[in-house]
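Bear in mind that the values in this text are calculations on the coordinates, not laboratory data. Keep in mind that this is a model prediction, so the values were computed, not measured. Ideal geometry is used to build each Cβ from the backbone, glycine not excepted, and the neighbour counts take in all protein chains shown.
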Amino acid sequence: MSQVLRDARRHEEEKEVFIDRKDRPKFHLASRVGWMNDPNGFSFFNGKYHLFYQYHPYDSHWGPMHWGHAVSEDLLNWEYLPVALAPDMPYDRDGCFSGTAIEMQGEHVLMYTGIVSDIDENGETHHLQTQNIAFGDGINYRKHEMNPVIDASLLPKGGNKYAFRDPKIWREDGVYYCIAANDNSEHSGQILLFSSMDALNWKFEKVFLSNDRRFGLMWECPDFFELDGEHVALISAQDMLPRELEYHNGFGSFYMTGDYDKATHTFTEKDNHAMDYGIDFYAPQTILSPDGRRIMIGWMQNWDSCSVHSKFTPWFGQMTVPRELSVKNGKLYQNPVREIEAFRHDRVEYRDVIVDNAEISLSGIKGRTVDLEVELESVDENDIYRKFSLFFAKNSNFSTHISYRPEEESVKIDRKFSGSRRAIVHQRRAFVRENRGKIKMRLILDRFSAELFVNDGEKVMSATIPTETAADEISFYCRGRVRMNIVKYSL
Ligand code: FRU
């Protein structure tokens with residue numbers, strides 16, 4: 001084991017004892033200490049789910065990347081394991097960037113991007129990016145002597161060796177495939193496909209997907225899978241331009257559905273949509289669970305707003321709740337993994353509650369670790385209510401709310417009064433069409449986050465909130481008259 005890895009392992013062990021469990025999310029994986037970004041190496045190995053993450057243990061801000069590591073049997077109770085990868089080799093000495101994992105002949109195999117500072121022909125410093133492999137037993141990993149297994153020599157013409165990262169590896173019909181993100185000579189993202197018989201000797205196959213500057217500029221963290229008879233590509237894009245409420249400025253993750261011709265590795269795009277319409281979501285990864293579900297987890301943060309927290313925070317960065325994906329009518333649906341049902345307790349139910357131009361609260365409905373489902377419909381079909389709002393993480397000083405305006409066919413999340421002291425994005429909206437006031441909203445709260453699943457996962461909105469946990473009230477407001485059915489569980 002290298003000294004760099006040993007130091008990181010000792011550091012996280014020493015520092016984590018200063019973090020009270022109650023100051024962390026309860027069932028969302030957060031950084032053990034220091035900083036976390038992308039989920040990495042999401043996989044099932046030796047009877048457990050493994051989740052690694054981009055990790056800078058020494059500071060709550062981004063720095064030389066390590067891979068943090070945690071395991072879980074139910075995707076909600078996570079146990080930290082020691083740092084898995086540290087930047088300790090000539091080809092990754094400035095960072096171990098994102099990647100994925102698979103099982104190979106009983107071993108756990110990580111494929112990741114190694115970063116090395118390099119000075120280009122104009123004298124400017126860039127990060128040279130190559131793809132590397134590490135084999136392990138689920139705790140300790142040894143980087144392969146053939147690393148880097150994919151380097152700039154395999155890039156197609158115009159491919160930028162300083163923007164070439166985030167390999168997603170999978171096996172199909174006895175062949176290993178890998179897709180990785182790359183920038184081309186037009187400063188536009190592309191996804192490259194490589195193949196290998198042994199995961200060590202790789203061959204460039206083709207440019208699998210091209211951005212042509214339609215969705216931001218550089219692309220990152222690709223994923224690709226078949227689901228419910230469709231093929232789906234997930235991509236996270238930098239520098240997006242807004243498109244109605246579909247895409248917003250900055251960093252954004254989106255999916256494309258398409259047809260896939262396996263023989264020629266050709267993906268023909270059909271449709272595209274945002275993955276999450278809230279404020280904090282990026283770099284998702286998926287796995288196929290042992291029982292055949294496609295499960296996704298994302299980083300619940302945004303690069304444009306994540307650097308504004310205090311330097312003294314002992315941890316920063318958390319994942320979304322793991323979400324089961326499905327495709328219905330060509331659209332991707334997301335719902336919290338069903339494992340959450342075993343987590344629920346203290347059920348409270350209300351039926352046919354009328355809110356008539358008022359704000360009300362209901363006995364037993366409060367908390368900051370909550371699974372709350374609210375079904376709404378207009379009391380009068382001919383006089384649809386104007387606005388419904390659900391306030392939560394609330395006390396006399398703070399609150400965050402979700403509101404639905406049937407006439408505008410939109411749902412909004414607003415954390416302006418959540419305790420944030422920064423001029424960052426605090427609101428986002430999503431269209432929810434043709435419901436005439438009939439809508440189903442499921443809200444998952446876990447102390448410092450809110451995830452809203454609208455109409456059984458048709459639209460999702462995620463946001464982190466800095467609010468003190470004592471702010472645990474929930475209330476319901478309506479301009480007009482609405483009928484509500486409510487089921488609430490504590491988590
Ligand atoms: C995405 C990303 C990846 C990269 C990692 C670095 O959030 O920029 O492309 O591998 O973060 O931490």
Would you please give the FRET efficiency between GLU145 and PHE312, computed as 1/(1 + (r/R0)^6) with r the Cβ-Cβ distance and R0 = 30 Å, to the nearest 0.05?
0.15
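Per residue, how much space in cubic angstrom lies within the convex hull of the C-alpha atoms of the chain?
So the per-residue hull volume is 146 Å³.
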Please report, largest first and rounded to whole Å, the three semi-axes of the ellipsoid equivalent to the stretch 264-330, where each semi-axis is the square root of five times an eigenvalue of the C-alpha gyration tensor.
30, 16, 11
In whole Hz, the Karplus estimates of ³J(HN,Hα) for the stretch 265-275 (6.51, -1.76, 1.60; θ = phi - 60°; x where Gly or Pro) are 6, 10, 9, 10, 5, 10, 8, 8, 8, 5, 6
Before anything else, pin down the relative contact order of the stretch 71-229: Cα pairs under 8 Å, at least 6 apart, normalised by residue count, whole percent.
16 percent
Evaluate 2.2 N^0.38 Å with N set to the residue count of the stretch 1-72, then give the Cα radius of gyration divided by it.
1.11
Which peptide among 101-111, 313-323 comes first, and what is the full order, when sorted by highest mean count of other Cβ atoms within 10 Å?
313-323, 101-111
Please compute the length gained on full extension between ASP271 and THR125, using 0.36 nm multiplied by the number of residues separating them and subtracting their Cα-Cα distance.
48.7 nm
GluC sites (Glu not before Pro) restricted to DSSP loop in the stretch 190-297 with at most 11 other C-beta within 10 Å:
GLU244
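Just subtract the alpha-carbon distance of GLU205 and GLU246 from 0.36 nm times their residue separation and send over the number in nm, one decimal. All intermediate terms of the calculation are to be shown ahead of the outcome.
Details: separation 41, 0.36 × 41 = 14.76 nm, distance 3.21 nm.
Full extension from GLU205 to GLU246 adds 11.5 nm.
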Rounded to the nearest 500 deg cm²/dmol, what is the calculated helix-only ellipticity per residue at 222 nm for the chain, with -39500 (n - 2.57) per DSSP H run of length n ≥ 4?
-1000 deg cm²/dmol
Paramagnetic reach from GLU468 (point 7 Å along Cα→Cβ, amide N under 19 Å) across the stretch 360-395
367-369, 392-395
Whole-angstrom Cα spans of the stretch 210-366 along principal axes, big to small:
59, 41, 37
Rel. contact order, % - alpha carbon contacts under 8 angstrom, at least six apart, the chain
12 percent
If you average the C-alpha positions of the stretch 1-78 and of the stretch 404-431 separately, how far apart do those two centres end up, in angstrom?
30 Å
Binned Cα-Cα distance frequencies in the stretch 129-263 - 10 Å width, integer %
12, 40, 34, 13, 2
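Specify whether the C-alpha gyration tensor of the stretch 352-438 places it in the rounded, prolate or oblate class, a ≥ b ≥ c being the square roots of the eigenvalues: rounded for a/c under 1.5, otherwise prolate if a/b is larger than b/c and oblate if not.
Judged from the Cα gyration tensor, the stretch 352-438 comes out oblate (a/c at least 1.5, b/c at or above a/b).
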Any idea what the relative contact order of the stretch 163-224 is, in percent, if you count C-alpha pairs under 8 Å spaced at least 6 apart?
34 percent
State the percent of C-alpha pairs, over all pairs in the stretch 1-134, separated by a distance greater than 19 angstrom.
51 percent
Evaluate 2.2 N^0.38 Å with N set to the residue count of the stretch 116-184, then give the Cα radius of gyration divided by it.
1.30
Rounded to two decimals, the Rg over Rh value of the stretch 41-200 from Cα coordinates and the Kirkwood Rh reads 0.97
Could I have the simple spin-label model distance between GLU407 and GLN105, label points 7 Å from Cα toward Cβ, reported in nm to one decimal?
6.9 nm
Going 7 Å from the Cα of ARG344 in the Cα-to-Cβ direction, what parts of the stretch 422-458 have a backbone nitrogen less than 20 Å from that spot?
439-447, 449-458
Any idea what angle helix 3-16 forms with the longest principal axis of the chain, computed on alpha-carbon atoms, 0 to 90 degrees, nearest 10?
20 degrees
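If the viscosity is 0.692 mPa s and the temperature 37 °C, what translational diffusion coefficient in µm²/s does Stokes-Einstein give for the stretch 419-491 when Rh comes from Kirkwood over Cα pairs?
Approximately 226 µm²/s, per Stokes-Einstein.
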For the stretch 60-65, Karplus-derived ³J(HN,Hα) couplings (6.51, -1.76, 1.60; θ = phi - 60°; whole Hz; x for glycine and proline) come out as 7, 10, 4, x, x, 7
Fewest to most Cβ atoms within 10 Å: ARG171, ARG481 sort as ARG171, ARG481
Amide H contacts under 5 Å for ASP276, placed H, 5+ residues apart:
SER253
